[in-house]
Amino acid sequence: MGSSAAGGGGDGSGRAGAGDGTAIEVRGLRKSFGDLEVLRGIDFRVARGEVVCVIGPSGSGKSTLLRCVNLLEEPTSGTVTVAGVEITDPEVDIDRVRRRIGMVFQSFNLFPHLSALGNLTIAQRRVLRRDKAEAARVARERLARVGLTDKESAYPAQLSGGQQQRVAIARALAMDPELMLFDEPTSALDPELVGEVLAVMRSLADEGMTMLVVTHEMSFAREVADRVVFMDGGVIVEEGAPEQVVGAPRHARTRSFLARVL
Ligand code: ADP
Ligand code: MG
């Protein structure tokens, strides 16, 4: 995987940095809820095509970080730049940027009254203004990609948790995202269903998708991530190659976390 060729900065289109191979850049990010400071100065960068796994204890701020990356939460201070657009700039039309970011949550959040196909076509039609035939064509292609060609007519309640999460991933992919954010996508699944979802994520990574993944699946982090970020208490304690962070952590806090989850 790895970053694409380094290039110049601005391209004159108002998307300064879009050509430099950076998918996500977070600088000095802080987020408070009332008196509680949840993110206490986060700096990191994700290159195009890179897979970064975020690990850390419950309450360390992982979900808040992901939610700041697509502005589901508004940072208290700091900047977030996604695909060359500084989304923390109040002038930016966040909806335009957000549609370039796929997001998959722990709870699958499918529309219960729509079939798998309907779940994949609705945003394509409403947001991307694709016509019915084109939306259905893309939907079927994405369902095939997650191995669910035979389930296009099924409603969420008729699908297993693993199948529902694969539909949720396909739904995000139907929007042709430039990057994908995953927040503990397998945490709500029965253990025997985790593998099928991780396999889909692994194939996306192999195809070069830029991915920021909060996960407790250490084998996935070790095998698929280009880089692992360990967060605790609203800061990045350490980051580096998976074999270093997971295999030979430098910090006592990382070691004690890994001792609990491995
Ligand atoms: P993680 O995903 O690592 O478990 P979170 O980002 O969900 O951590 O939460 C970090 C901290 O922020 C927790 O103490 C949580 O209770 C708090 N928090 C998260 N969202 C909100 C919110 N909307 N309002 C108040 N506190 C919140
Ligand atoms: Mg979380």
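The values are calculated or read from the model by the stated rules, or taken from the named source; none is laboratory data. Because the structure is a prediction, the values reported are computed rather than measured. Ideal geometry is used to build each Cβ from the backbone, glycine not excepted, and the neighbour counts take in all protein chains shown. Quick note on the areas: whole protein, heavy atoms, side chains included, nothing else; ligands and nucleic acids left out. Shrake-Rupley method; radii C 1.70, N 1.55, O 1.52, S 1.80 Å.
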message: Straight-line reach from K62: which lysines fall under 26 Å, measuring Cα to Cα and dropping same-chain residues less than 8 apart?
response: K31
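Ordered by packing density, taken as the mean number of other Cβ atoms within 10 Å over each peptide's residues, highest first, how do 219-226, 73-80 rank? Walk me through the numbers on the way to the answer.
Values: 219-226: 18.5, 73-80: 16.4.
Ranking the peptides 219-226, 73-80 by packing returns 219-226, 73-80.
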query: How large is the Kirkwood hydrodynamic radius of the chain, in angstrom, based on all distinct alpha carbon pairs?
result: 19.0
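What shape does segment 163-262 take by its C-alpha gyration tensor, where a ≥ b ≥ c are the square roots of the eigenvalues and a/c under 1.5 counts as rounded, a/b above b/c as prolate, and the rest as oblate? Walk me through the numbers on the way to the answer.
Numbers: a/c = 2.12, a/b = 1.66, b/c = 1.28.
In terms of gyration-tensor shape, prolate.
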query: For segment 84-141, what are the per-bin percents of Cα-Cα distances with bins 5 Å wide, up to the bin holding the maximum?
result: 4, 16, 20, 21, 18, 12, 8, 2
field: segment 33-98, relative contact order in percent, only Cα pairs under 8 angstrom and at least six apart counted
entry: 20
- request: When a/c is below 1.5 the answer is rounded, else prolate if a/b is larger than b/c, else oblate, so apply that to segment 91-198 with a ≥ b ≥ c taken from the square roots of the Cα gyration tensor eigenvalues.
  value: oblate
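For the chain, which whole-number percentage of the solvent-accessible area (1.4 Å probe, protein heavy atoms only) is attributable to carbon and sulfur atoms?
47
Counting heavy atoms of the protein chains only and a 1.4 Å probe, report the per residue accessible area for the chain as a whole number of Å². Working shown, then result.
On the way: 11790 Å² over 262 residues.
It amounts to 45 Å² per residue over the chain.
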message: Below 8 Å between Cα atoms, with a sequence gap of 6+, how large is the relative contact order for the chain in percent?
response: 23
message: Straight-line reach from K132: which lysines fall under 24 Å, measuring Cα to Cα and dropping same-chain residues less than 8 apart?
response: K151
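Whenever you get a sec, line up K151, K132 from highest to lowest accessible area (probe 1.4 Å, protein heavy atoms).
Working: K151 60, K132 145 Å².
Solvent-accessible surface, decreasing: K132, K151.
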- prompt: Taking only DSSP H segments of four or more residues, each worth -39500 (n - 2.57), what value at 222 nm results for the chain once the sum is divided by all its residues, to the nearest 500 deg cm²/dmol?
  reply: -10000 deg cm²/dmol
Hz values of 3J(HN,Hα) by residue in segment 193-205 - Karplus curve (6.51, -1.76, 1.60), Gly and Pro given as x: 9, 5, x, 5, 6, 4, 5, 5, 5, 5, 5, 4, 4
Centroid-to-centroid separation of segment 52-72 and segment 182-224 [C-alpha atoms, Å]: 15
